[in-house]
Amino acid sequence: SDFFGSLNKFIATFDAALEFVKRIEALKLAEEKKAAAEEKKAAAKRAKDKVKKTAKAVAAAKALETAAIESNQKSNGKLDLSGQRKQFADPFVGPDTDIASNSNGEVDKSSPS
């Protein structure tokens, strides 16, 4: 009977330890889920902030473009593109020899080179 008493004590102690380990594992799992949810929330907030920042930059660029176009149109009612760089110019082609420039950088089309 001493054998069965020791065996019953061991089983009771083992069951208590098993319940303790299960609670610890459940707490760890809950903490991991909470951390994952917080990280997901933080990533969503970073993505949202990035979208807002990009939208602000696009709006600012459009406003600058509109202001530049309006200021160019105000001069004599015509759109002056003489100061604009050609966006699709071939970088390997030399300067245009038909157009001479003045000392102040203005284009003078009347005097050929």
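Legend: calculated FRET efficiency, Asp2 to Arg23, from the Cβ-Cβ distance at R0 = 41 Å, rounded to 0.05, equals 0.80.
Residue-wise HN-Hα couplings along region 38-47, as the Karplus relation 6.51 cos²θ - 1.76 cosθ + 1.60 with θ = phi - 60° gives them from phi, are 5, 5, 5, 5, 5, 5, 5, 5, 4, 5 Hz; Gly and Pro carry x. Shape class of region 1-40 from the Cα gyration tensor (axes a ≥ b ≥ c, square roots of the eigenvalues): prolate, since a/c reaches 1.5 or more and a/b is larger than b/c. Stretching the chain fully between Glu39 and Thr66 yields a gain of 5.7 nm (0.36 nm per residue, less the alpha carbon separation).
Every number in this text was worked out from the coordinates using simple rules, so none of it is lab data. These numbers were taken from a predicted model, which means no experiment stands behind them. A quick note on method: Cβ atoms are made from the backbone with ideal geometry, for glycine too, and the neighbour counts reach across all protein chains shown.
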